[in-house]
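Scroll down for the structure; my scribbles are underneath it.
The values are calculated or read from the model by the stated rules, or taken from the named source; none is laboratory data. Keep in mind that this is a model prediction, so the values were computed, not measured. Note that we place each Cβ from the backbone using ideal geometry, even for glycine, and neighbour counts take in every protein chain shown. For the accessible areas, the whole protein counts, side chains as well, though only heavy atoms, and no ligand, DNA or RNA atoms are used. Shrake-Rupley method; radii C 1.70, N 1.55, O 1.52, S 1.80 Å.
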Amino acid sequence: MSVDALLVQFLNGLAGASTLFLLAVGLSLIFGVTRIVNFAHGSFYMLGIYIAYSLTARIGGSVLGFWGSVVLAALAVGLLGVIVECLLLRRIYRAPELFQLLATFALVLIARDAALAIWGPEDLLGPRAPGLKGAVEILGRQFPQYDLALIFIGPAVLGALWWMLTRTRFGVLIRAATEDREMVGALGVNQAWLFTAVFGLGTLLAGLGGALQGPREPANLGLDLMGIGDAFVVVVVGGMGSIPGAFLAALIIAEIKALCIAIGTVHVFGFDFSFSKLTLVVEFLVMAVVLIWKPLGLLGKPSAASRNSSAVEAPLAPPDKAAKIFGYAVLVLLLLLPVVGQMFPYAVVLMIDILVAVLFAASLHFIMGPGGMHSFGHAAYFGLGAYGAGLLMKQFSMPMEAALGLGPLLAAAGALLFGWFCVRLSGVYLAMLTLAFAQIVWSIAFQWDEVTGGSNGIIGLWPAEWLNQKAAYYYLTLALTVGGVLFLWRVLLAPFGYALRAGRDSPLRADAIGINVFNYQWMAFVLAGTVCGVAGSLFAFSKGTIAPDVIHVGRSIDGLVMVLLGGVQTLAGPVVGAALFTWLQDAVAREFQYWRAALGVAILLLVMVFPLGVAGSVKRLLRRREVAA
Amino acid sequence: MLKLKDIHAYYGQAHILADVSLEVNAGEVVVLLGRNGAGKSTTMKSIIGLVKPAKGEVTFQGARIEQMAPYKIARLGLGYVPEERRIFTELTVLENLEVGRQAPRAGVPTWDWDKIARLFPNLGEMPQRPGGRMSGGEQQMLTIARTLMGNPACILLDEPSEGVAPVIVDQMAAAILELKSQGVAILLSEQNLHFAAEVADRAYIIEKGRIRFSGTMAELEADAEAQQQYLAV
């Protein structure tokens with residue numbers, strides 16, 4: 001590789017670093033002060049690129065018009081952020097962290113459909129910047145002028161933020177609130193105003209990042225999740241709340257990416273290894289390495305323990321008699337479904353989907369609720385189970401029954417490996433590391449064409465003869481799901497579950513009375529991963545086809561939504577949530593083009609009305625009635 | 001100036017304060033004495049609004065404040081100095097003071113950097129020192145100075161003598177008397193009777209969340225039984 005090629009890639013990396021930094025810095029700022037993990041940050045970025053597209057189409061012909069559009073788009077997104085903060089977030093600052101996450105995720109859905117309604121489904125490439133359309137020659141190679149400008153814009157924004165944070169009262173208050181917002185309030189500062197301003201500034205920066213990206217990348221509806229993924233990685237690698245950290249992380253990730261492209265394919269020990277293929281996953285590899293080495297990111301500081309601690313979770317109650325009777329009744333109905341359902345064959349198909357979702361959600365709840373480990377990458381184990389079964393059948397020509405039985409072992413192996421790293425961390429960092437592992441699994445499935453079939457996936461995964469009838473497969477799914485869920489519940493109500501919950505509520509004290517918290521959490525991770533793998537294997541044979549999207553981050557998020565929707569503090573929560581979510585998605589998606597927005601609005605309402613989740617709120621209602629009686 | 005009437009406070013199910021009533025008059029230094037866990041800090045927090053009292057009234061300069069947000073209470077001129085100090089470790093001394101700064105208030109002393117540096121000469125020598133790189137005593141001075149920048153008419157001072165060197169304790173006592181001489185009312189919580197006797201005009205003793213004794217400092221010093229029953233360890 002020549003020096004000039006390397007230099008050009010280095011400059012490419014610098015331009016990429018600016019983009020990443022602008023995308024991520026607002027998220028870090030917002031988290032630092034408000035402790036809100038704003039899942040909608042990528043959506044604000046996406047809206048920035050769309051709004052800038054519309055503005056430049058009208059006034060972007062001149063230099064002034066173009067840069068004016070960029071600034072206006074950023075301001076518009078910032079204003080939108082202020083509105084969202086005042087109308088929504090302000091009501092949920094005291095809610096549990098996961099609920100805030102769910103609410104911001106609802107915003108993602110709404111923003112996505114709003115963009116679809118306004119700008120349509122096609123990719124829209126904005127005009128190039130007037131005056132910067134050409135390229136400059138660097139060591140005989142062409143380098144776009146606009147990218148050269150970006151290289152300077154990133155550090156300029158960093159400098160401006162730095163000046164604001166250290167030289168203005170507003171900046172000093174932001175830094176103080178990042179450390180101890182309650183104390184800032186006790187000193188006479190109106191936190192509500194401070195939070196609104198910070199949220200507005202953070203979203204403005206996301207909008208600016210999007211608007212500046214316009215000439216380089218077409219506006220499209222996938223930018224929200226892609227954006228939030230990248231932003232999270234940068235923020236976590238840099239250390240949450242640290243602005244120089246975000247810049248450093250953006251620089252490292254972008255340069256390593258550029259380096260991978262520069263190296264290209266190399267020949268090692270007779271194998272061709274393509275480094276450029278790594279670009280899809282390199283940021284997640286960097287994140288995994290950084291988090292294992294520095295659990296708080298490069299420049300992260302341990303945050304003061306959250307002082308507005310939400311109420312301590314009540315112990316899990318074993319189901320009482322009424323609940324058991326209700327459970328048996330549901331089971332009888334489920335057993336009768338294929339008989340009754342002959343008139344509606346679709347009911348059985350939908351029910352299989354629901355049962356698979358229930359098992360998926362219950363296994364996630366196992367580590368998230370009682371385990372206290374918030375996994376953002378649970379789809380990894382679902383996908384490993386599905387691919388495990390698929391590969392055993394296709395590559396090793398196993399019979400379907402054996403593939404179904406052994407497929408989940410791949411998920412177990414994955415959970416054993418990933419869990420060992422993940423349980424060392426906690427909170428958002430743990431969540432991000434689980435996400436990183438899921439993305440790595442996804443990219444392997446996506447790129448290893450010879451084995452996994454790449455983006456086409458594996459086709460022709462049909463159940464054995466005796467399971468060919470939908471009703472037969474339904475009974476198999478029902479048996480495995482009910483068995484799996486009951487098994488997880490049994491474990492949670494056994495001493496293993498007590499130890500797990502003790503480790504969640506007070507790791508130090510649990511350690512001090514002789515519970516090896518690490519081992520318990522690790523084993524819980526493996527158990528959950530294995531059960532999730534069963535769901536994945538069932539899924540593979542129910543569809544006949546699997547593709548990398550079974551591991552996609554969207555599925556992990558679906559799982560989170562199911563658990564939170566049902567209520568994380570109850571055993572029945574994930575079951576109710578998964579059934580409700582799958583049914584809603586199915587029912588609304590077929591009837592209504594903007595089902596995502598509808599789902600988002602429904603989630604927002606649920607968050608406002610049922611802060612404990614559906615099952616949790618029903619339970620509390622019943623208990624209240626009992627007390628009143 | 002400040003008046004608590006029948007305050008009840010809970011942490012979850014635990015009843016921390018029961019029927020707490022006390023009063024601080026203008027220009028007065030009042031001490032709230034009690035052992036660890038008696039409810040001193042919770043009393044302070046229910047005044048500034050960090051703990052919302054379940055029942056009872058808190059009045060400050062004629063205004064009812066028990067349901068107000070902490071920042072509103074602070075803006076009325078009621079300053080709070082937390083026991084754990086809670087200074088901003090990443091911020092310099094000057095920046096810490098900036099966070100506490102409020103507009104001047106009529107009828108009460110106004111504070112600026114020069115005046116702070118005179119009250120706490122140690123701080124005056126380290127304007128650019130980050131809060132995290134200061135000794136415990138210096139941090140204690142900083143947390144008081146930060147609250148003074150809000151130009152309070154009354155200060156809640158939660159255990160300023162805890163965990164600092166004896167020479168610093170003496171400086172704290174001098175500072176409290178200086179503040180009193182400028183007309184700032186102070187509600188002080190303490191375990192240290194000798195320290196309290198140096199600075200306070202009146203005393204309350206709290207035990208298991210209830211006020212058990214109320215009187216002048218002289219009365220308390222004469223009451224060996226109350227001292228033995230509620231304060232001896």
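When all alpha-carbon pairs of region B:2-231 are counted, what percent fall beyond 22 Å?
Working: 13018 of 26335 pairs.
Everything past 22 Å amounts to 49 percent.
Would you report the distance distribution of C-alpha pairs in region A:40-197 as whole percents per 5 angstrom bin, up to the bin with the largest distance?
2, 7, 11, 15, 16, 15, 13, 10, 6, 3, 1, 0, 0
Can you figure out the FRET efficiency of B:GLN67 with A:ALA479, using R₀ = 51 Å and their beta-carbon distance, to the nearest 0.05? Provide the component values of the computation, followed by the final result.
Working: r = 56 Å, r/R0 = 1.10.
That pair, B:GLN67 with A:ALA479, gives E of 0.35.
Only bridges whose two residues both fall in the protein assembly as shown count here: according to DSSP, what percent of them are antiparallel, nearest 5?
Values: 32 of 50 bridges.
If we restrict to bridges inside the protein assembly as shown, about 65 percent are antiparallel.
For peptide B:84-95, compute the average count of partner chain beta-carbon atoms within 10 Å of each residue's beta-carbon.
Working: counts 2, 1, 9, 4, 9, 4, 5, 6, 2, 0, 1, 7.
Taking the mean over all residues of the peptide, I get 4.
Using a 1.4 angstrom probe with every protein chain in place, what is the largest-first accessible-area order of B:GLU57, B:GLU207?
On the way: B:GLU57 65, B:GLU207 35 Å².
Largest accessible area first, the list is B:GLU57, B:GLU207.
Which one of B:ILE144, B:ALA174, B:LEU76 has its Cα pushed farthest toward the positive end of the charge dipole of chain B, where Lys and Arg give +1 and Asp and Glu give -1 at the Cβ?
The residue sitting most towards the positive pole is B:LEU76.
Convert 10 °C to kelvin, take the viscosity as 1.306 mPa s, use the Kirkwood radius over C-alpha pairs of region A:230-296 as Rh, and evaluate the Stokes-Einstein diffusion coefficient in µm²/s, rounded to a whole number.
Rounded, D is 126 µm²/s.
Given the protein chains as shown and a 1.4 Å probe, how many square angstrom of B:THR216 are accessible, to the nearest 10?
B:THR216 exposes around 60 Å² with every protein chain in place.
In whole angstrom, note down how far apart the Cα centers of region A:369-427 and region A:197-237 are.
Answer, in whole Å: 31.
Ignoring ligands, DNA and RNA, please state the percent of accessible area on chain A from carbon and sulfur, probe 1.4 Å. Before the final figure, lay out each step's value.
Values: 18190 of 26410 Å².
Result for chain A: 69 percent of the exposed heavy-atom area is carbon or sulfur.
Enumerate the calculated ³J(HN,Hα) couplings along region A:570-578 in order (Karplus 6.51 cos²θ - 1.76 cosθ + 1.60, θ = phi - 60°), each rounded to whole Hz, writing x wherever the residue is Gly or Pro.
10, 5, 7, x, x, 5, 4, x, 5
To the nearest 10 square angstrom, what accessible area does A:MET400 show with a 1.4 Å probe?
About 10 Å², rounded to the nearest 10.
What size of dipole, in debye to the nearest 20, comes out for the protein assembly as shown about its Cα centre when the only charges are +1 on Lys and Arg C-beta atoms and -1 on Asp and Glu C-beta atoms? Kindly include the intermediate steps, with their values, before the conclusion.
Working: 61 positive and 59 negative charges, 251 e Å.
Computed charge dipole of the protein assembly as shown: roughly 1200 debye.
Take peptide A:164-171, look around each residue's Cβ out to 10 angstrom, count Cβ atoms belonging to other protein chains, and average those counts.
So the per-residue partner count for this stretch is 1.
What whole number of Å gives the distance from the Cα centroid of region A:92-160 to the Cα centroid of region A:497-533?
Taking the Cα centre of region A:92-160 as reference, the centre of region A:497-533 is 41 Å away.
May I ask you to rank A:HIS267, A:HIS552, B:HIS8 by accessible area, largest first, using a 1.4 Å probe over the protein chains only?
Output order, biggest surface exposure first: A:HIS267, A:HIS552, B:HIS8.
Tilt of helix A:282-293 relative to the longest C-alpha principal axis of chain A, in degrees (0 to 90, nearest 10)?
That works out to roughly 80 degrees.
Of the options A:GLY554, A:GLY210, A:PHE487, report the single residue whose Cα projects farthest towards the positive end of the charge dipole of chain A (beta-carbon charges: Lys, Arg +1; Asp, Glu -1).
Projecting each Cα onto the dipole axis, the largest value belongs to A:PHE487.
Let me check something: with ligands and nucleic acids excluded, how do A:TRP163, A:TRP293 order by accessible area (1.4 Å probe), largest to smallest? All intermediate terms of the calculation are to be shown ahead of the outcome.
On the way: A:TRP163 150, A:TRP293 170 Å².
Final ranking, largest accessible area leading: A:TRP293, A:TRP163.
Buried accessible area between A and B (1.4 Å probe, both chains summed, ligands and nucleic acids excluded), in Å² to the nearest 100?
Working: alone 27420 and 10370 Å², together 35880 Å².
That pair of chains buries around 1900 Å² in total.
Return the whole-Å distance between the Cα centroid of region A:321-362 and the Cα centroid of region A:1-45.
Distance between centres, Cα-based: 46 Å.
At 1.4 Å probe size, with the rest of the protein present, what percent of the exposed accessible area of chain B is carbon and sulfur atoms? Each step should come with its number before you reach the end.
Working: 4600 of 9470 Å².
Roughly 49 percent, rounded to a whole number.
Per-residue Cβ counts within 10 Å, from other chains only, averaged over B:101-110: what number is that? Each step should come with its number before you reach the end.
Details: counts 5, 3, 1, 0, 0, 0, 0, 0, 0, 0.
Neighbouring Cβ atoms belonging to other protein chains average 1 per residue here.
What residues does region A:173-198 have that are buried by at least 50 Å² of accessible area in the full protein assembly compared to the chain on its own, 1.4 angstrom probe?
A:ARG175, A:GLU179, A:GLU182, A:MET183, A:ALA186, A:LEU187, A:GLY188, A:ASN190
With a 1.4 Å probe and all protein chains left in place, how much accessible area per residue does the protein assembly as shown have, in Å²? Display every interim value, and only then the final one.
Numbers: 35880 Å² over 862 residues.
Averaged over the residues of the protein assembly as shown, the accessible area is 42 Å².
Can you give me the angle between helix B:136-148 and the longest principal axis of chain B, using Cα atoms only, in degrees from 0 to 90, rounded to the nearest 10?
The angle comes out near 90 degrees.
Taking amide hydrogens as modeled 1.01 Å from N in the peptide plane, which residues meet the under 5 Å criterion relative to A:MET373, leaving out close sequence neighbours?
Amide H neighbours of A:MET373: A:MET368.
Hey, which lysines would be in cross-link range of B:LYS180, C-alpha to C-alpha under 19 Å, not counting anything within fewer than 8 residues on its own chain?
Cross-link targets: B:LYS3, B:LYS115.
Taking θ = phi - 60°, what integer Hz values does the Karplus form 6.51 cos²θ - 1.76 cosθ + 1.60 yield along region A:243-259, in sequence order, with x for Gly and Pro?
Going residue by residue, I get 7, x, x, 4, 5, 4, 5, 4, 5, 4, 5, 5, 5, 5, 4, 4, 5 Hz, with x marking Gly and Pro.
Add -39500 (n - 2.57) for each DSSP H run of 4 or more in the protein assembly as shown, then divide by its residues: what number comes out at 222 nm, to the nearest 500 deg cm²/dmol? Walk me through the numbers on the way to the answer.
Details: 33 runs with 523 residues, N = 862.
Only helices count here, giving -20000 deg cm²/dmol.
Once R0 is set to 25 Å, what does the formula 1/(1 + (r/R0)^6) return for the Cβ-Cβ distance between A:MET226 and A:ILE261, expressed as a FRET efficiency to the nearest 0.05? Intermediate results must be reported in sequence, preceding the final value.
On the way: r = 18 Å, r/R0 = 0.72.
Once the sixth-power term is evaluated, E becomes 0.85.
So what J values fall out for region B:114-126 if you push phi through Karplus, 6.51 cos²θ - 1.76 cosθ + 1.60 with θ = phi - 60°, rounded to Hz, Gly and Pro as x?
Working through the residues one at a time gives 4, 5, 4, 5, 6, 5, 10, x, 4, 5, x, 8, 9 Hz.
Name the residues whose placed amide hydrogens come within less than 5 Å of the amide hydrogen of B:GLN102, ignoring near sequence neighbours (fewer than 5 apart) on the same chain.
B:GLY150, B:ASN151
Please list, or write none, the lysines whose alpha carbon is within less than 22 Å of the alpha carbon of A:LYS619, excluding same-chain residues fewer than 8 places away.
The reachable lysines, counting only those whose Cα sits under 22 Å from A:LYS619, are A:LYS321, A:LYS324.
Over 25 Å between Cα atoms, which of B:LYS5/B:LYS72; B:LYS72/B:LYS208; A:LYS277/A:LYS301 qualify? Can you show the working numbers first?
Working: B:LYS5/B:LYS72 20 Å; B:LYS72/B:LYS208 30 Å; A:LYS277/A:LYS301 34 Å.
In this structure, B:LYS72/B:LYS208; A:LYS277/A:LYS301 lie more than 25 Å apart at Cα.
Tell me the Kirkwood radius of region A:346-559: reciprocal of the mean inverse pair distance over distinct alpha-carbon atoms, in Å.
Details: mean 1/r = 0.0582 Å⁻¹.
About 17.2 Å for region A:346-559.
Packing-wise, with mean Cβ within 10 Å as the measure, how do A:362-368, A:127-133, B:219-225 rank, highest first? Don't skip to the end; give the middle numbers.
On the way: A:362-368: 29.6, A:127-133: 16.0, B:219-225: 14.0.
Highest mean packing first, the order is A:362-368, A:127-133, B:219-225.
With the dipole of the protein assembly as shown worked out from charges on the C-beta (+1 for Lys and Arg, -1 for Asp and Glu) around the Cα centre, which of A:GLY222, A:SER426, B:THR110 lies farthest toward the positive end?
With unit charges placed on the Cβ atoms, the residue in question is A:GLY222.
How much solvent-accessible surface does A:TYR520 expose, in Å² to the nearest 10, with a 1.4 Å probe and all protein chains in place?
Approximately 70 Å² of A:TYR520 is accessible to the 1.4 Å probe.
Put simply, what bits of region B:30-70 lose 40 Å² or more of accessible area when the other protein chains are there, versus the chain on its own (1.4 Å probe)?
B:LEU50
Nearest 10 degrees, 0 to 90: what angle lies between the long axis of helix A:41-59 and the longest principal axis of chain A (Cα atoms)?
40 degrees
Using only Cα positions of the protein assembly as shown, each an equal point scatterer, no hydration layer, compute I(q)/I(0) via Debye at q = 0.10 Å⁻¹ and quote the log10 values to two decimals.
For the requested q values the scattering log ratios are -1.17.
If the cut-off is a Cα-Cα distance under 17 Å, which lysines reach A:LYS133, setting aside same-chain residues fewer than 8 apart in sequence?
Hits, sequence-local ones excluded: zero.
Order the peptides A:67-76, B:172-181, B:127-136, A:529-538 from the highest to the lowest mean number of other Cβ atoms within 10 Å of their residues.
The most tightly packed comes first, giving A:529-538, A:67-76, B:172-181, B:127-136.
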